[in-house]
């Protein structure tokens, strides 16, 4: 089952609306209990994702892909990273994440960076 970790800059409205769509969606946000604390560096987020099997949802299109490449080069893995494209409405992001959660398997995103909307 796909589980999402929203980075601290992603709107909390996305988390609320995903949970409203289906209470079974496991979606945490950086800074919450059981998630990395706010201010956690990208490489540490990647380790947390690998250890906890969450796909990262981020607006960090600049540095995260480079850290991701370094993480893979070190022989590590990531359940996946979903980078939100610029100028996308929250409603579109919610629809996209819900579709991914509902219709995909977690393995489809393993060790990949995917830009959303697709």
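The values are calculated or read from the model by the stated rules, or taken from the named source; none is laboratory data. Just so it is clear, the model here is predicted, and its values are computed rather than measured. Cβ placement follows ideal geometry from the backbone for every residue including glycine, while neighbour counts extend to all protein chains displayed.
Values as computed for the structure displayed
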read-out: Filter result for the condition that a residue is under 14 Å from residue 14 (Cα atoms) and either in contact with a helix residue (DSSP H, G or I) (Cβ under 8 Å, 6 or more places away or on another chain) or free of Cβ contacts under 8 Å to residues at least 60 places away in the same chain (or both), over 118, 41, 72, 28; value: 28
read-out: Residue in the range 89-97 that is under 16 Å from residue 3 (Cβ atoms), touching a strand residue (DSSP E or B) at 6+ places or on another chain (Cβ under 7 Å) and in contact (Cβ under 8 Å) with a residue 60 or more places away in the chain present; value: yes
read-out: Qualifying strands (runs of 3 or more DSSP E) (wholly inside the range 1-77; at least 1 residues being surrounded by fewer than 17 Cβ atoms within 10 Å (Cβ to Cβ), touching a strand residue (DSSP E or B) at 6+ places or on another chain (Cβ under 9 Å) and at pLDDT 95 or above); value: 3-6, 26-29
read-out: In the range 78-88, the residues that are in contact with a strand residue (DSSP E or B) (Cβ under 9 Å, 6 or more places away or on another chain) and under 19 Å from residue 13 (Cα atoms); value: 82, 83, 84, 85, 88
read-out: Test: residue in the range 85-101 that is assigned to a strand (DSSP E or B) and crowded, with 18+ Cβ neighbours inside 10 Å; value: no
